[in-house]
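Okay, structure first, notes after.
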Amino acid sequence: MRWIASRMWTFVARRLLTAAIVVFGVVTTIFVLARLTGDPVSLMIQPGMGEKDIAELRASLGLDRSIAEQYFRFLGQAIQGDFGRSPWQLTSAFGLVVERIPATLLLTATALGFSLLVALVVGGLSALFRDSLLDRAAMALVLIGQSIPSFWLGLMLILLMAVELHLLPSAGYGGWAHLVLPAFTLGLFSLARLTRLIRSELLDVLSREYVTTARSKGLPEGLVLRRHALRNIVVPIVTVLAVDFGLLMGGAVIVETVFAWPGIGRLMIQAIGQRDFPIIQAGVFMIAMLVVGINLLADLLYAWLDPRIRYS
């Protein structure tokens, strides 16, 4: 047991080191890209400001220094969790991002949960009734789901469900009704991927000898599916869910803007328009940390879900 625990902690230490390198790379990249968007001072100049006033404004934002000096100063502060103050919001950039995390996580988790539940049902039925009309219809819908841009789907859902039918609110943050349209829009792509994965994995598992043996014993098809088939496809499902979490966090930027959802994505879109470097950097850092953390959790779940997997 001690040897297994030692291997596990070695694996965790390696993954944490890799995660630190990934986050460092992401933060460095966004530092450079943010400054390629232009000079934020040009958006903050007020009528009547002279050269001296502009120079003082630039100095107050730390933009009078060289790029190298700005970078190393930024790294030193970021290690302490300080990403500076937003020049537009006049408060801590990291604090603003932290305030928006619950809304984004709620939207992402709901979208993933919806995708997984529907994919299990549709993918399972498609595998059980392979090459049937149901299977062909499901795969056609999956193909359409992967092809529709999320921003277009969101706008169409608003026109239909909110404007025409008055069934759901068009935007905002509140009860479950406000969550339906953005969660469906965000989760549709993941739903399509998961459905295809579950169908493919189930078709492979259902052809195995142990499934044939279970069927020969007279077990109901539903019991065979739940007890013998689904348990053996959990690991690839967890892998895709971890990957899709990152994709949905990125996709939330568009969906939150369309539905006026007060999450990190919408905050960052506003910050990009204002060239608010502290918020952009803090937001990307937080998203990177969440994605890396979810992927590390998925790696740790593998050995628990499948005892054959070892941390070697």
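The values are calculated or read from the model by the stated rules, or taken from the named source; none is laboratory data. The model shown is predicted, which means the values in this text are computed figures rather than measured ones. Counting neighbours? That spans all protein chains shown, and the Cβs are built from the backbone with ideal geometry, glycine included.
For VAL240, state whether it is surrounded by 18 or more Cβ atoms within 10 Å (Cβ to Cβ) and either outside any helix (DSSP H, G or I) or β-branched (Val, Ile, Thr) (or both). Even if it seems obvious, please write down each step before you answer.
Values: surrounded by 18 or more Cβ atoms within 10 Å (Cβ to Cβ): yes; either outside any helix (DSSP H, G or I) or β-branched (Val, Ile, Thr) (or both): yes.
So VAL240 passes the test.
Within region 245-261, restricting attention to residues that are not in a helix (DSSP H, G or I) and not small (Gly, Ala, Ser), which residue is nearest to the chain's Cα centre (by Cα)? Taking the candidates together, the pick is TRP261. The residue pairs whose first member lies in region 87-99 and is over 22 Å from ILE54 (Cα atoms) and crowded, with 21+ Cβ neighbours inside 10 Å, whose second member is at pLDDT below 90 and of a type in the set (Asp, Glu), and whose beta carbons are closer than 8 Å, counting only pairs six or more residues apart or on different chains, are ALA93/ASP276; PHE94/ASP82. Is it true that GLY250 is within 24 Å of PRO149 (Cβ to Cβ) and free of Cβ contacts under 8 Å to residues at least 40 places away in the same chain? The answer is yes for GLY250. Cβ-Cβ distances below 7 Å connect the following pairs, each with a first residue in region 262-290 that is touching a residue at least 40 places away in the same chain (Cβ under 8 Å) and in a helix (DSSP H, G or I), a second residue that is crowded, with 24+ Cβ neighbours inside 10 Å and hydroxyl-bearing (Ser, Thr, Tyr), and a separation of six or more residues or different chains: ILE264/THR104; GLY265/THR104. Does GLY250 satisfy the condition of being modelled with pLDDT of 85 or more and small (Gly, Ala, Ser)? Considered against the rule, which asks whether it is modelled with pLDDT of 85 or more and small (Gly, Ala, Ser), GLY250 comes out as no.
Against the conditions (1) among the hydroxyl-bearing types (Ser, Thr, Tyr); (2) closer than 30 Å to LEU141 by Cβ; (3) surrounded by fewer than 20 Cβ atoms within 10 Å (Cβ to Cβ), THR108 satisfies every one except (3).
Tell me which residues, restricted to region 131-159, are surrounded by 12 or more Cβ atoms within 10 Å (Cβ to Cβ), more than 14 Å from PRO182 (Cβ to Cβ) and among the small types (Gly, Ala, Ser). Correct list: SER132, ALA137, ALA138, GLY145. When the criteria are applied in full, ALA111 fails the requirement of being farther than 14 Å from ASP276 by Cβ, touching a Pro at 6+ places or on another chain (Cβ under 6 Å) and either in a helix (DSSP H, G or I) or basic (Lys, Arg) (or both).
So which of ALA229, ALA242, ALA298 ends up being in contact (Cβ under 8 Å) with a residue 24 or more places away in the chain, farther than 22 Å from TRP88 by Cβ and within 12 Å of the chain's Cα centre (by Cα)?
Working: ALA229 fails: within 12 Å of the chain's Cα centre (by Cα); ALA298 fails: within 12 Å of the chain's Cα centre (by Cα).
Residue meeting the stated conditions: ALA242.
Of all residues in region 31-60, those being of a type in the set (A, V, I, L, M, F, W, C), part of a helix (DSSP H, G or I) and loosely packed, with under 15 Cβ neighbours inside 10 Å number 6.
Identify, from the list LEU63, LEU128, LEU116, the residue that is at pLDDT 85 or above, surrounded by 12 or more Cβ atoms within 10 Å (Cβ to Cβ) and either over 25 Å from LEU267 (Cα atoms) or touching an Asp or Glu at 6+ places or on another chain (Cβ under 9 Å) (or both). It would help to see each step written out before you state the result.
Values: LEU63 fails: at pLDDT 85 or above; LEU128 fails: at pLDDT 85 or above.
Only one candidate qualifies: LEU116.
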